[in-house]
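Computed from the coordinates by the stated procedures, all read-outs in this text should not be read as laboratory data. What you see is a predicted model; the values in this text were computed from it and never measured. Backbone-built Cβ (ideal geometry, glycine too); neighbour counts: all protein chains shown.
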Amino acid sequence: MQTALKLIYPSQCLTCDEMTESDFALCGKCWGDTAFIGGATCDKCGVPLPGEAEEDILCDDCIKTARPWSHGRAAMLYKGNGRKMVLQLKHADRTDLARPAGEWMARVAWDLVQPDMLVTPVPLHWQRLLMRRYNQSALLAHRAARHLSLEYCPDLLIRRKRTRPLEGVSVEERFDILSDAIHIHSKRVNRVQDRPVLLVDDVMTSGATLAAATEACYAAGASDVSVLVLARVAKDT
């Protein structure tokens, strides 16, 4: 039956019409157009850096801007085909993209895993969730947690304030807008106390959203917080 279905509905690339050997895969061209991150990376945000891979090296942004979390990783840069997939996942109902994206994210996050770690997504405000019908970060977090064999909590955090869109806003304004916007769900406090947390989001730009979520986790008693994103916006994008 599976063979017959393959003949009728052959596997296609996630982002174009080219055929692939398996489902939820990229063709050779689209893979080449996707800026997956490897080698030397910033230990706080995952952006690629020149030179040999080392521990605890930081990019210029993370040297200038203090990050409240311990470590950070990103699967790809927010450009080219990577940007296209993020936008499709976020705005075009391409929830199927979360399946391979979660696996790509897990591959770069293995060194972040700690005993009894809890995975949770950056939350959407309930009004935005109602309009979008799903939280793309929650889809990614769920998939990544499965690959990392970690416990997943979809509603550990809540977004009390509906913040305005952050496109075109300065770094300082982003941090101001997100101040006191994210909190621990009152019924989930017991799940975070004295536990390490892995925060998951789709994109990191300034890091303001992740910083607000990290501070909420620490305020509720988390022992450590690391962050994981699908894509990192870099200065050359």
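Below, the figures for the structure above:
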{"quantity": "Helix 136-148 axis, angle to the chain major axis (alpha carbon atoms, nearest 10°)", "calculated": "80 degrees"}
{"quantity": "Eligible aspartates and glutamates near residue 29 by straight Cα distance, threshold 18 Å, same-chain separation 8 or greater", "calculated": "17, 18, 21"}
{"quantity": "Spacing of the two label points (7 Å from each Cα toward its C-beta) at residue 24 and residue 128, in nm", "calculated": "2.6 nm"}
{"quantity": "Gain on full stretching of the segment that runs from residue 219 to residue 60 - 0.36 nm per residue minus C-alpha separation", "calculated": "54.5 nm"}
{"quantity": "Rule-of-thumb Rg ratio for region 95-171 [Cα; 2.2 N^0.38 Å; N residues]", "calculated": "1.22"}
{"quantity": "Within region 19-123, GluC sites (Glu not before Pro) in DSSP loop having at most 15 other beta-carbon neighbours inside 10 Å", "calculated": "21, 52, 54, 55"}
{"quantity": "Qualifying GluC sites (Glu not before Pro) in region 167-237, DSSP loop, other Cβ atoms within 10 Å at most 10", "calculated": "167"}
{"quantity": "Volume of the Cα convex hull of the chain, divided per residue and given in Å³", "calculated": "143 Å³"}
{"quantity": "When each of 64/161; 79/235; 79/161 is checked by Cα-Cα distance, pairs over 22 Å", "calculated": "64/161; 79/161"}
{"quantity": "Added length on full extension, which subtracts the Cα-Cα distance from 0.36 nm per residue, residue 53 to residue 194", "calculated": "47.6 nm"}
